[in-house]
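Engineer: Could you have a look at this structure, given as structure tokens, before my questions?
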């Protein structure tokens, strides 16, 4: 399969790297970015062809991944529209609805909207996807192949769910890093050195996450097994509950979901 990327940022680089690692020939990949430094970096790293703007070469590709900021999607779509015939278009931009991309592409509907996350940079991402009605089974399979190069994929039938995906897994790594920061700060206040606190926080988070992945038990059961009545863990959890930590996290994720919907409304007016 031949795949082109419009946008040469971190996520595009992660996808290109994942595809190359999985066996896609560099000659079958194409990265377009107006920034000369971005083009030079991707070419040096992966040996793929690069270009500054959407051109007729895109007509030879099976899939075109839109890896650009939501604010420039309309202008990118305008440049891309004349080059489309049967290619699958995959958008990984937050908030931008498939119907708006289709409108900006002059009614083209062979579109998949996807939301990956930054662990894709190390091949451990997860991506939520939804297909517009113009995408057939082969198109869905192609999208799975592209995004599956950097981790797991989860398909949805309702595009509204992609805003929730954005709030949970798309933004989710930031929540994890936030909690790690808090653990490191607690370690510092308890007299541990910065490197010691970092090592303990990272290993604890990584180990606990893998334990949850490999266990068939719900997270709540795993938590209970660490919590002895009247013990240190119970004291910490009681403090979290008293200060509404869990409720605050849920509220924050709901705020992210609301913002994704707002972005769709705002940018869709263009």
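Engineer: Looking at residue 111, is it under 15 Å from the mean Cα position of the chain (by Cα), farther than 24 Å from residue 254 by Cβ and free of Cβ contacts under 8 Å to residues at least 40 places away in the same chain?
Structural biologist: When the stated conditions are applied, residue 111 does not pass them.
Engineer: With the structure loaded, tell me whether residue 206 is in contact (Cβ under 8 Å) with a residue 60 or more places away in the chain and farther than 30 Å from residue 85 by Cβ or whether it fails that test.
Structural biologist: So residue 206 fails the test.
Engineer: Of these, 192, 183, which one is more than 15 Å from the chain's Cα centre (by Cα), not in a helix (DSSP H, G or I) and not assigned by TED's automatic domain parsing to the domain that holds residue 21?
Structural biologist: Checking each option against the conditions leaves just 192.
Engineer: Can you pull out the residues in the range 39-89 that are within 20 Å of residue 139 (Cβ to Cβ) and assigned to a strand (DSSP E or B)?
Structural biologist: Selection gives 63, 64, 65, 66, 88, 89.
Engineer: Quick check, is residue 96 at pLDDT below 95 and not in a helix (DSSP H, G or I)?
Structural biologist: So residue 96 passes the test.
Engineer: In the range 29-48, what residues are closer than 17 Å to residue 122 by Cα and buried (at least 23 other Cβ atoms within 10 Å of the Cβ)?
Structural biologist: If the condition is that a residue be closer than 17 Å to residue 122 by Cα and buried (at least 23 other Cβ atoms within 10 Å of the Cβ), then 42 is the only one that fits.
Engineer: Given the structure, is residue 26 buried (at least 18 other Cβ atoms within 10 Å of the Cβ), touching a helix residue (DSSP H, G or I) at 6+ places or on another chain (Cβ under 6 Å) and over 19 Å from residue 127 (Cβ atoms)?
Structural biologist: Here the answer is no, as residue 26 does not meet what is asked.
Engineer: Which count do you get for residues in the range 137-162 that are without any contact (Cβ under 8 Å) to a residue 40 or more places away in the chain and in a helix (DSSP H, G or I)?
Structural biologist: Number satisfying all stated conditions: 7.
Engineer: Could I ask something else about it? Would you point out the residue of the range 122-136, among those that are outside any strand (DSSP E or B) and either free of Cβ contacts under 8 Å to residues at least 24 places away in the same chain or crowded, with 19+ Cβ neighbours inside 10 Å (or both), that is nearest to the chain's Cα centre (by Cα)?
Structural biologist: 122
Engineer: Could you please give the count of residues in the range 237-254 that are exposed (fewer than 12 other Cβ atoms within 10 Å of the Cβ) and either part of a helix (DSSP H, G or I) or touching a strand residue (DSSP E or B) at 6+ places or on another chain (Cβ under 6 Å) (or both)?
Structural biologist: Number of matching residues: 9.
The values are calculated or read from the model by the stated rules, or taken from the named source; none is laboratory data. Quantities reported herein were computed from a predicted structural model and do not represent experimental measurements. Neighbour counts are summed over all protein chains in view; Cβ atoms, including those assigned to glycine, are modelled from backbone coordinates with ideal geometry.
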